[in-house]
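None of the figures in this text is laboratory data; all of them are computed from the coordinates on show. If you're wondering where the values come from, they're calculated on a predicted model, not measured in any experiment. All Cβ positions, glycine included, derive from the backbone under ideal geometry; neighbour counts span all protein chains shown.
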Amino acid sequence: MSTSDDRGPQIRPARAEDDEALSRLDRETWSTVHAVTPPPPPGRPFFGERQPVGDILVGELHGEVVGYVRVSPSTPLEANAHVQQIQGLAIAERARGLGLGKALMRAAEDEARRRGARRLTLRVLGHNARARALYSSLGYTVEGILPEEMLLDGKYVDDVLMGRFL
């Protein structure tokens, strides 16, 4: 799987050797605007039992890892196996505005379909206007709001549930 042309980002499945680059990207991009827990410190692996290599799609620009999206089962329940969930999206500042977010989300949708999913869902912090706009532009709708679900930097923030049928 690879999408894009020679001028823009390339999307591909993650490989074990992406571990360090993805860890570094997580540390570079982390903020309470889009995440509730900080990334592991340097030296801790990016991939693991809860975040397997096979759930990550990587965005590259000129051979450099500049983004990723994580697509995972929504729950371990058989009755919910038709739903996949975006459980992480990160894009390096230097790669923003190039369409990488849309490309990663479209690749995630393709991967979810390949896995037999009928729906793709995600959670986004209410104050993350940029991400919410991206998801809305791709056809995701708000399916629920957990008011003041998170306390970040001393402020209560809504947890917004979004999804779309594939």
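Taking the simple approach of a point 7 Å from Cα along Cα-to-Cβ for both Arg44 and Leu152, what is their distance in nm?
1.8
With r as the distance between the Cβ atoms of His62 and Arg106 and R0 = 25 Å, compute the FRET efficiency 1/(1 + (r/R0)^6) and round to 0.05.
Step by step, r from the Cβ atoms, then E = 0.75.
Could you sort the peptides 65-72, 41-48 by per-residue average Cβ neighbour count (10 Å cutoff), highest mean leading?
65-72, 41-48
Given axes a ≥ b ≥ c from the Cα gyration tensor, I'd like to know whether the stretch 76-166 is rounded (a/c under 1.5), prolate (a/b larger than b/c) or oblate.
Taking the square roots of the gyration eigenvalues as a ≥ b ≥ c, the stretch 76-166 is oblate.
Cα-based Rg (one decimal) and Dmax (whole number) for the stretch 119-166, in Å?
11.0, 37
Compute the Rg/Rh shape ratio of the stretch 1-96: radius of gyration over Kirkwood radius, all on alpha-carbon atoms.
Ratio value, two decimals: 0.98.
Please state, as a whole number in µm²/s, the translational diffusion coefficient that the Stokes-Einstein equation yields for the chain at 25 °C and 0.890 mPa s, with Rh defined as the Kirkwood radius across alpha carbon pairs.
Estimated diffusion coefficient is 150 µm²/s.
Could you list which residues have their amide H under 5 Å from that of Gly126, counting only those 5 or more apart in sequence or on another chain, with H placed in the peptide plane?
Asp158, Asp159, Val160
Express in nm, to one decimal, how much length is gained between Leu166 and His34 on full extension, taking 0.36 nm for each residue of separation and deducting their alpha carbon distance.
Between Leu166 and His34, full extension yields an extra 45.1 nm.
Could you give the dipole magnitude of the chain about its Cα centre, charging the beta-carbon of Lys and Arg +1 and that of Asp and Glu -1, in debye to the nearest 20? Write out the running numbers ahead of the final one.
On the way: 22 positive and 23 negative charges, 81 e Å.
I would put it at about 400 debye.
Going by average Cβ neighbours within 10 Å, how do the peptides 133-141, 158-166, 80-88 rank, with the highest at the top?
Values: 133-141: 15.2, 158-166: 17.0, 80-88: 18.8.
Going from most to least packed, we get 80-88, 158-166, 133-141.
Please report the net charge: other residues with Cβ closer than 10 Å to the Cβ of Asp159, K and R +1, D and E -1.
Net local charge, Asp159 excluded: -2.
With a/c under 1.5 counting as rounded, go ahead and sort the stretch 62-102 into rounded, prolate or oblate using the C-alpha gyration tensor (a ≥ b ≥ c being the square roots of the eigenvalues; past the cut-off, prolate if a/b is larger than b/c, else oblate).
Cα axes put the stretch 62-102 in the prolate bin.
Under the definition of Cα pairs under 8 Å and six or more residues apart, what whole-number percent is the relative contact order of the stretch 3-137?
It comes to 24 percent, rounded to a whole number.
If the elastic network links every pair of Cα atoms under 10 Å, which of Arg113, Arg50, Arg132 fluctuates the most in the Gaussian network model of the chain?
Evaluated over the chain, the most mobile residue of the options is Arg50.
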